[in-house]
Amino acid sequence: MNFDSLSILMIWTAVAIYAAAFIAYAFDLAKRSQVAVDAKVVVPERELVGAAVGGSAASSGRVAGAGSKAETGAAAGAGAPKRFVMARIGTSLTVLGFLFHLAGEVLRGIAAGRVPWSNMYEFSMTGTLLIIAVYIAVNIWFDLKYLGTFIVGLVVVLLGGAATGFYVEVVPLADPLKSVWLVIHVFVASLGTAFFALAFALSVFQLMQARREAKVLAEAPKTGPRFLATLPSSERLEGLAYRFATVGFIFWTFTLIAGSIWANDAWGRYWGFDTKETWTFIIWVLYAGYIHARATRGWRGSRSAWLSIVGFAAVLFNFTIVNLFFKGLHVYSGLS
């Protein structure tokens with residue numbers, strides 16, 4: 001068995017472990033729903049403050065807003081557990097899956113004798129690895145385990161799909177890729193994508209939470225998924241999404257600049273409106289608009305969330321559809 005075969009084995013093992021982590025995180029959301037029901041929690045803690053609920057706040061209970069290093073989320077006075085065990089199990093499995101994923105990445109690099117990101121299969125390995133790495137690292141400072149089903153589920157789909165449909169054997173690099181910019185440009189682009197993925201997940205939960213809060217204030221009989229009561233307010237989720245999108249935008253800006261420098265080295269021009277170049281710029285414009293609109297024009301709430309979601313949809317479109325169906329100098333799918 002050669003290094004590439006071992007790499008494939010490691011990658012499929014990682015996919016299986018990520019799938020188990022996804023199930024654990026799904027059970028965690030179910031547990032959160034039960035905690036909310038038992039504690040009779042109807043709104044996140046921040047929404048209780050200042051809400052015109054008179055003396056009903058005490059009976060509504062309080063949930064500590066997730067988003068800090070401490071693992072909280074239990075309702076006060078309800079005797080509920082202060083730690084969500086299944087979330088911890090899901091995170092432990094995610095870390096284990098990451099180690100196998102990293103081993104698969106390293107073994108592919110050894111087999112190729114270069115950095116393993118020159119075609120769609122390798123891009124998928126690297127991009128999903130960094131999504132998990134950023135998710136794990138961010139959880140050191142912020143409790144974002146409630147995003148586990150979303151983030152790990154996305155990685156299972158992308159990595160499993162790539163291993164099934166995009167796998168190609170190790171081949172020599174094309175001449176334009178024989179550059180130090182391959183290491184820098186692609187890695188930074190993948191890192192930016194990882195932060196965009198976190199912002200995307202937070203924006204989806206923000207929309208769900210905002211809808212639930214509106215129903216609570218309207219005293220609607222059904223307020224949506226109960227686990228949302230153990231999550232931060234929509235305002236807090238929006239703030240986190242904005243912060244991660246801003247970090248991703250910084251990396252993406254460097255990606256655009258580095259790509260132009262590399263294009264000049266490879267083809268003698270900085271910009272040629274190649275398909276990949278154009279879509280990279282479109283993504284930059286979308287996130288620049290998102291950051292600018294929220295910072296200067298006061299775009300808040302659903303409009304802000306949808307801009308974040310559309311931006312990440314453009315990232316996925318650039319990676320999949322552009323690589324598979326468009327022609328250009330930058331398209332290196334590796335598929336015949």
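The values are calculated or read from the model by the stated rules, or taken from the named source; none is laboratory data. These figures come from a predicted structure and were not determined experimentally. Neighbour counts are summed over all protein chains in view; Cβ atoms, including those assigned to glycine, are modelled from backbone coordinates with ideal geometry.
In segment 258-274, the residues that are touching a residue at least 24 places away in the same chain (Cβ under 8 Å) and assigned to a helix (DSSP H, G or I) reach residues that are of a type in the set (A, V, I, L, M) and surrounded by 14 or more Cβ atoms within 10 Å (Cβ to Cβ) with C-beta atoms within less than 7 angstrom, at least six apart or across chains, in these pairs: 258/184; 258/188; 267/329. Got at least one residue in segment 176-185 being without any contact (Cβ under 8 Å) to a residue 24 or more places away in the chain, under 24 Å from the mean Cα position of the chain (by Cα), farther than 23 Å from residue 238 by Cβ and assigned to a helix (DSSP H, G or I)? No, segment 176-185 has no match at all.
Checking the stated criteria, residue 252 turns out to be surrounded by 15 or more Cβ atoms within 10 Å (Cβ to Cβ) and either among the hydroxyl-bearing types (Ser, Thr, Tyr) or within 22 Å of residue 189 (Cα to Cα) (or both).
Looking at segment 121-130, can you tell me whether even one residue there is buried (at least 21 other Cβ atoms within 10 Å of the Cβ) and farther than 23 Å from residue 245 by Cα? Yes, segment 121-130 contains at least one residue that is buried (at least 21 other Cβ atoms within 10 Å of the Cβ) and farther than 23 Å from residue 245 by Cα. So, residue 232, is that one crowded, with 17+ Cβ neighbours inside 10 Å, part of a loop (DSSP other than H, G, I, E, B) and either at pLDDT below 95 or of a type in the set (A, V, I, L, M, F, W, C) (or both) or not? Against the criterion (crowded, with 17+ Cβ neighbours inside 10 Å, part of a loop (DSSP other than H, G, I, E, B) and either at pLDDT below 95 or of a type in the set (A, V, I, L, M, F, W, C) (or both)), residue 232 qualifies.
Could you say which residue among 79, 61, 113 is surrounded by fewer than 16 Cβ atoms within 10 Å (Cβ to Cβ) and either of a type in the set (Phe, Trp, Tyr) or at pLDDT below 75 (or both)? Testing whether each residue is surrounded by fewer than 16 Cβ atoms within 10 Å (Cβ to Cβ) and either of a type in the set (Phe, Trp, Tyr) or at pLDDT below 75 (or both) leaves just 79.
When segment 4-25 is filtered for residues that are within 22 Å of the chain's Cα centre (by Cα), hydroxyl-bearing (Ser, Thr, Tyr) and within 27 Å of residue 171 (Cα to Cα), only 13 remains. Filtering 267, 299 for residues that are out of contact with any Ser or Thr (no Cβ under 9 Å at 6 or more places or on another chain) and exposed (fewer than 15 other Cβ atoms within 10 Å of the Cβ) leaves a single hit, 267.
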